[in-house]
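What follows is one structure encoded as structure tokens, with my remarks underneath.
Every number in this text was worked out from the coordinates using simple rules, so none of it is lab data. Owing to the predicted nature of the structure, the values given are computational and were not obtained by experimental measurement. FYI the Cβ positions are ideal-geometry reconstructions off the backbone, even for glycines, and counts take in every protein chain you see.
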Amino acid sequence: MQIRTVTTTPFNDQKPGTSGLRKRVPTFQQANYLENFVQSIFDTIGVPSRATLVLGGDGRFYNREAIQIILKMAAANGFGRVLVGKNGILSTPAASCVIRKYNTHGGIILSASHNPGGPDGDFGIKYNATNGGPAPEKITEAIFAQSKKISQYRIVDSSDVALDKAGEYKVGDMMVSVIDPVSDYAELMESLFDFDAIRSLLTGGFRFRFDAMHAVNGPYAQEIFSHRLGAPSESLMNAVPLPDFGGGHPDPNLTYAHELVEVLYGENAPDFGAASDGDGDRNMILGKHFFVNPSDSLAILAANAYLVPGYKNGLAGIARSMPTSAAVDRVAKALDIPCYETPTGWKFFGNLMDAGKVTLCGEESFGTGSDHVREKDGLWAVLFWLNILAIRKQTVEEITREHWARYGRNVYSRHDYEGIPTDAANGVMKLLMSSFTKLQNAQFGDLKIKLCDDFSYTDPVDGSVSNGQGVRIVFTDGSRIVFRLSGTGTEGATLRIYLEAFEPDVANHHLDAQSALSQLIEIALQISELHQRTGRDRPTVIT
Ligand code: VG1
Ligand code: CO
């Protein structure tokens, strides 16, 4: 095997964000840009002799080229085998599943998740550790540090691998197994859910729509919903993955999944609708003319987990990210199990799951998952809902309203201001942080501020500390406003405002979240001077 050592110089912007390194495609296409980052990963994790690596991505533009480069670099860095999804495809949860099932030395996932793709869109890369989960902060920081001092990378000269046929190939001395990206994952889903009950539901007049948004979950949805569960063919929308996601923004929310939303809010709407994102780890759940807030969805899954075979023996605990509503905390309390509050991003759940402290995890950003893998999992959440619907035989809206009646409703919304100038966004955050003393105990109408801080987390398993995870303004009645800067964007800054108020009274549960939260929204805008500082008079996305 001919290993070439190539001299290179560092780029200084290879800092992984909330979930891996995300940049515009042209940035990744620069000479040595991808190679530097991949070599920094290998240098940081160390490669045990003849170790196995998992490799796959969400199929977006530049996926195939990147896979060929990474295969040649893996061979040159001493890997003995790479398991790569056919056509270079693996959804994020499927990659996590494969890493765990075959006990590999982790995996590399190519995705920019919900960010748009195409030649001018975004690309991304991240390393998932041997537990199948996103590398924790101490590893991503070490990769970044390495990327700033890298001077060479290793690669072999070899022809490209035909990724379109499952089989065994060779790159240098390394074996490449091109695997079916769907089968291991589908098998895992069958082991968790009551497929017979779901099949009876889907073939018995219940009407279901799943929107794969031309992203990675198309083939997974076809195999699971159509082939294994017998869903009629009209159940699937946009199920053919495209390198640019059909020009769309593969983010399953009310703004970007509007095609599905129009169907579910239209005349003669189906009973249930769901969508997932670019890399298949997010989910949106809709009923007929009804939207399930992701924080509520997590709470409802937790409360109904006893109905689902994989979870019927109980949950060890639950974790949610800080900005996620406390709806699930109420369920944890009722179940008498612990509930953890972590910073944003799935990498913070891994230790808790590995230590057996939690079974279910969730984020307000349409992410839900469990310890079956170490990533959030879009199709898993849809199957979980279908399993509950199949057993309870009620509508999505009835189940949600009954949940609120029992636990109270955490009215919740997130307002995103996307693509604002970085300076303005930083200015807003600075202003808020310098206002803590002034805001403490301040009164706004009938609301009084109890606490303001910049969220900091100490991992209960390894004691690592993560600071600067978002500004919290908590009121005496438990209402909250949270401000955070996004760590997944590639253009300017995105400021997120998370709003939450608790409504115990069933008589008010019908209220629209925006009107129920109007007072908090006003306070948020006032104390952040957001409109004045950014020149924006409304959010780009409201969920
Ligand atoms: C966003 C979400 C966060 C999620 C992350 C990755 O991060 O808020 O909850 O874990 O995306 O999701 P940020 O830093 O932009 O707020 V995915 O599906 O893009 O990998
Ligand atoms: Co995603």
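Details
- Theoretical FRET efficiency, 1/(1+(r/R0)^6), r = Cβ-Cβ of N32 and S200, R0 56 Å, to 0.05: 0.50
- Sorted by Cβ density within 10 Å, fewest first, the residues I198, I399: I399, I198
- Trypsin sites (Lys or Arg not before Pro) within the stretch 141-229: DSSP coil, no more than 15 neighbouring Cβ in 10 Å: K148, K149, K165
- Taking θ as phi - 60° and the Karplus parameters 6.51, -1.76 and 1.60, the scalar couplings of the stretch 106-120 work out to x, x, 10, 10, 9, 6, 10, 6, 8, 6, x, x, x, x, 10 Hz in sequence order, x denoting glycine and proline.
- Lys, Arg +1 and Asp, Glu -1 on Cβ, resulting dipole of the stretch 409-542 about Cα centre, debye, nearest 20: 240 debye
- Looking at the stretch 137-282 alone, DSSP beta bridges between its own residues are antiparallel in about 45 percent of cases.
- Net length available on complete extension from R538 to V506 is 8.5 nm, with 0.36 nm assigned per residue and the Cα-Cα distance removed.
- Out-of-range pairs (alpha-carbon distance over 28 Å; input K101/K312; K288/K376; K357/K430): K357/K430
- Put a dot 7 Å past the Cα of D336, heading toward its Cβ, do the same for S191, and the two dots end up 3.1 nm apart.
- The distance between label points at V47 and E402 comes to 5.4 nm (points 7 Å beyond Cα on the Cα→Cβ vector).
- The stretch 311-348: trypsin sites (Lys or Arg not before Pro) in DSSP coil with no more than 14 other Cβ atoms inside 10 Å: K312
- Built amide H within the under 5 Å cut-off of R207, gap 5+: D271, F272
- Over the C-alpha trace of the stretch 3-180, radius of gyration and Dmax come out as 14.5, 39 angstrom.
- Length released on extending from D477 to Q2, taking residue separation times 0.36 nm less the Cα-Cα span: 164.3 nm
- Dipole moment magnitude, nearest 20 debye, the chain about Cα centre, only Lys, Arg, Asp, Glu C-beta charged: 1000 debye
- A simple rule links phi to the HN-Hα coupling: the Karplus curve 6.51 cos²θ - 1.76 cosθ + 1.60 with θ = phi - 60°, which for the stretch 477-492 gives 8, x, 5, 9, 10, 10, 10, 8, 9, 5, x, 10, x, 10, 10, x Hz, with x for Gly and Pro.
- Pairwise FRET efficiency - E168 versus K101, Cβ, R0 = 22 Å, nearest 0.05: 0.75
- Under-5 Å amide H pairs with A442, H placed in peptide plane, nonlocal only: I449
- Per-residue 3J(HN,Hα) values for the stretch 379-388, derived from phi via the Karplus relation 6.51 cos²θ - 1.76 cosθ + 1.60 with θ = phi - 60°, read 5, 4, 5, 5, 5, 4, 4, 4, 4, 5 Hz in sequence order (x marks Gly and Pro).
- Straight-distance crosslink candidates among aspartates and glutamates, where the alpha carbon sits under 12 Å from K72 and sequence neighbours closer than 8 are dropped: E35, D157, D160, D173
- For the chain, the Kirkwood estimate of hydrodynamic radius, built from reciprocal distances between every pair of different alpha carbons, is 23.8 Å.
- Beta bridges assigned by DSSP with both partners in the stretch 3-180 are antiparallel in approximately 60 percent of cases.
- For Q526 and L254, the FRET efficiency from 1/(1 + (r/R0)^6), where r spans their Cβ atoms and R0 equals 30 Å, is about 0.70.
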